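Here's the structure, in structure tokens; my notes come after.
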Amino acid sequence: MPKGLPDPRWHPRHADQRGRALDTARSAVILAGGQGTRLRPLTLGRPKPIVPLLNLPFLHYQLALLRRHGIQDVVLACSYLVEAVQKTLGDGRDLGVKLRYVVEAEPLGTAGGVRNAADLTDGNLVVLNGDVLTDVDLGAMLSSHEARGARASIYLTPVEDPTPYGLVETDASGRILGFLEKPAREQITTNTINAGIYLLDRNLLELIPRGQAVSLEREFFPGLLARQVPFFGFVARAYWRDIGNLEQYRQAHVDLLRGTVNTPLTPTGTRRDDVWFGEGVTLAASARVAGPSVLGSSVTLEAETSVGPFTVIGNGVSVGRGSRLEGAILWDEVRVGQDAVLRECVVGSGAQIRAGAHVGPGAVVAENGVVP
Ligand code: GDD
Ligand code: MG
């Protein structure tokens, strides 16, 4: 069996996860209005919903997940660099969904964003944080929601360190007992966190005041608990990662390249020996590419370059003679000079890495940046 990109045969736990449809929740709202501060400088010019992941805009993965579970009506709640998002994702037709946009003039917070976007929808809602890469079975989540008579459900996932997330305590039946956003270390009572996907009965939206900034995590969820609304956690053994900081963003590439995420999406192009080649790739005879890796369209690798493993190169990138790239993520149109070394770093579109430069682990080069 070849090694590399998503192949469901490697993951028997996905066998029953072939897109069971959600019956009663037909619309989804994706919260995509944050400024992506923890991904700066990458998000200064490109908002988080469309940062590339294996050269595809991030939200393609969420839209494919929704589509797989029968949800075709999707509203994006945006407020930051909205035109760029619209230009990239369009009306969703290519991905088999109907995508509409609601723009917040001033950010309305996560609850305000849902309330505002929900006006375009009918029925109960699936809500997703717009920065979560997951293959969770939404159909199973809905079954659990209904079987328990829930009016709100949260997908929960275990993590090593809950402090950057929302900590969620449940009882043995899964009923949520406490929700604490960004807990301090001494407040940690469990390693289960809010994974950023919710099912909400429509009539709960009335609890969110209109036209003002309101938080799901800090106001709405604690409010549900205070009212004793049937509110449950759904713990799944699924892949999950919030791509909202640089380390997690790079790690998401590694996971996709390893095939640990069950997604119907693959990189554009054709695959040979665990390397995806886009159209019009030019490889010198002495260039070496180790998989798993992805080369976008019109990539040029000059003589004696060494690329991979775990390297993703965007469209129109050129790599000069003798350069070495390992674990590097390059966006489109990057120019790498001769004898440069790039390891475990992220390089924004249009950047120039000059001859002989070294870009080391954890480094990030802004769009159009220059590394002398
Ligand atoms: N429309 C809109 N308006 N969207 C917003 C706004 C807003 O004012 N503020 C944030 N968002 C969107 C972001 O774009 C992102 O997709 C999502 O809401 C969550 O915001 P983050 O800023 O990424 O939050 P976080 O990662 O610190 O924490 C959230 O996600 C964790 C899981 O990844 C919380 O929901 C935590 O409880 C959760 O554990
Ligand atoms: Mg986040």
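For the reader, a short list of remarks on this structure follows.
- For segment 74-217, average projected area of the Cα convex hull in nm²: 9.7 nm²
- Within the chain, percent of DSSP bridges classed antiparallel, to nearest 5: 30 percent
- Under 29 Å between alpha carbons - lysine pairs in the chain that sit 8 or more apart or on different chains: 4
- Restricting segment 273-347 to GluC sites (Glu not before Pro) that sit in a DSSP loop and have at most 14 other Cβ atoms within 10 Å of their own Cβ leaves GLU279.
- Among the trypsin sites (Lys or Arg not before Pro) in segment 157-250, those placed in a DSSP loop whose Cβ has at most 15 other Cβ atoms within 10 Å are ARG210, ARG227, ARG237.
- In this simple spin-label model, placing a label point 7 Å from the Cα along the Cα-to-Cβ direction at both GLN72 and GLN228 gives a separation of 4.3 nm.
- Normalised by the number of residues in segment 270-371, the average gap of Cα pairs under 8 Å and 6 or more apart makes the relative contact order 17 percent.
- For segment 270-371, the per residue solvent-accessible surface stands at 41 Å², with DNA, RNA and ligands left out and a 1.4 Å probe.
- Surface share of carbon and sulfur [accessible, 1.4 angstrom probe, percent] for the chain: 47 percent
- Highest-MSF residue in the chain out of ALA340, ALA357, ALA172 [GNM, Cα springs under 10 Å]: ALA172
- Using alpha-carbon coordinates, inclination of helix 138-147 to the longest axis of the chain, degrees: 10 degrees
- With a simple spin-label model that places each label point 7 Å from the Cα along the Cα-to-Cβ direction, the separation between ARG100 and ARG354 comes to 5.2 nm.
- In degrees, nearest ten, helix 109-118 long axis to first principal axis of the chain (Cα): 80 degrees
- Shown is the FRET efficiency for GLU146 and GLU169, computed with R0 = 22 Å from the Cβ-Cβ distance and rounded to the nearest 0.05: 0.45.
The values are calculated or read from the model by the stated rules, or taken from the named source; none is laboratory data. Note that the structure is a prediction, hence the values are computed from the model and not measured. Reconstructed Cβ throughout: ideal geometry from the backbone, glycine too, with neighbour counts over all protein chains shown. For the accessible areas, the whole protein counts, side chains as well, though only heavy atoms, and no ligand, DNA or RNA atoms are used. Shrake-Rupley method; radii C 1.70, N 1.55, O 1.52, S 1.80 Å.
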